[in-house]
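Note sheet for the following structure.
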Amino acid sequence: MSGQAEEARKGRRLFFALWPDDATRSRLSFVTRRAVQACGGRPIAKSNLHLTVAFLGDLTEAGLEVARGVPPIEVGAFDLTLDALGVWPESRILWLAPLAPPAALGELEAKLWDALAERGFTPEERIYRPHVTLARRARPVEETVEPVQWHVSELVLIESLPYGDKAHYEVLGRWAL
């Protein structure tokens, strides 16, 4: 990106997430394909499937450097079972989530926000609902899915870049849990 284009952009849209390995990403895509088709919505690209832990919003370069200094968050690797499918009517998002989120995921989210808050970030006020977004502008579906097992071992910092009417995600950093 040219220097002028970089200056023209107000901020970099960033978030911390759990980023599936290729095998888990393929499994997610495979077991949810019928639900994604049935919802009539705009599917999320397979390469963009993730589970957000902390959304930071638009940050300057200085804010990005502060965020990069937060991890690692040491909670240890954990297993996550994604076994609940639904659509939030208010946002029209088709999602896949854990029916029973592991304690380590809640600990990761809390410790991450504690560290971010110490550096001046303000957490969102809404309750954390861990999920993988599968499609936007979705209608409710009556589909079920096979559970997806995911061994989570790292936290990543992602930048969301505009790509036409969609987004492209770029991994800016990775940290072992």
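The values are calculated or read from the model by the stated rules, or taken from the named source; none is laboratory data. Fair warning: this is a prediction, and the values are worked out from it, not measured in the lab. Neighbour counts are summed over all protein chains in view; Cβ atoms, including those assigned to glycine, are modelled from backbone coordinates with ideal geometry. These area figures cover heavy atoms from the full protein model, side chains too; ligands, DNA and RNA do not enter into them. Shrake-Rupley method; radii C 1.70, N 1.55, O 1.52, S 1.80 Å.
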Have a look at THR32, THR52, THR144 and tell me which one the Gaussian network model of the chain (Cα, springs below 10 Å) gives the largest fluctuation. THR144
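Of ILE158, ILE44, which has the most accessible area with a 1.4 Å probe, and how do the rest follow in descending order? Could the numbers behind the result be given before it?
Numbers: ILE158 0, ILE44 40 Å².
Solvent-accessible surface, decreasing: ILE44, ILE158.
Run the accessible area of the chain with a 1.4 Å probe and give the carbon-and-sulfur part as a rounded percent.
Details: 4890 of 9750 Å².
Using a 1.4 Å probe with all protein chains present, the chain comes out at 50 percent carbon and sulfur.
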Relative contact order (percent) for region 62-175, with alpha-carbon contacts under 8 angstrom and 6 or more residues of separation? 32
Over the chain, what lengths in whole Å, largest first, do the semi-axes of the equivalent ellipsoid take, defined as the square roots of 5 times the eigenvalues of the alpha-carbon gyration tensor? 27, 21, 14
For region 1-118, what is the relative contact order in percent, using Cα pairs closer than 8 Å and at least 6 residues apart in sequence? 27
Helix-only mean residue ellipticity at 222 nm, the chain, DSSP H runs n ≥ 4 weighted -39,500 (n - 2.57), per residue, nearest 500. What is it? -8500 deg cm²/dmol
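Under a Cβ-Cβ cut-off of 11 Å, what is the net charge of the residues other than ARG42 that fall near it, where Lys and Arg count +1 and Asp and Glu count -1? Numbers along the way, then the final one.
Working: positive: ARG92, ARG136, ARG137, LYS166; negative: ASP165.
The answer is +3.
On average, how much accessible surface per residue is there in region 20-68, in Å², for a 1.4 Å probe, leaving out ligands, DNA and RNA?
Values: 2350 Å² over 49 residues.
That works out to 48 Å² per residue.
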Rank ARG136, ARG25 by accessible area, highest first, at a 1.4 Å probe radius? ARG136, ARG25
Rounded to the nearest 10 Å², the accessible area of HIS131 using a 1.4 Å probe with every protein chain kept is 40
Based on C-alpha coordinates, I'd like the Rg and Dmax of region 68-113, in Å. 13.5, 37
Region 96-115 and region 21-43: distance between their alpha carbon centers, rounded to Å: 23
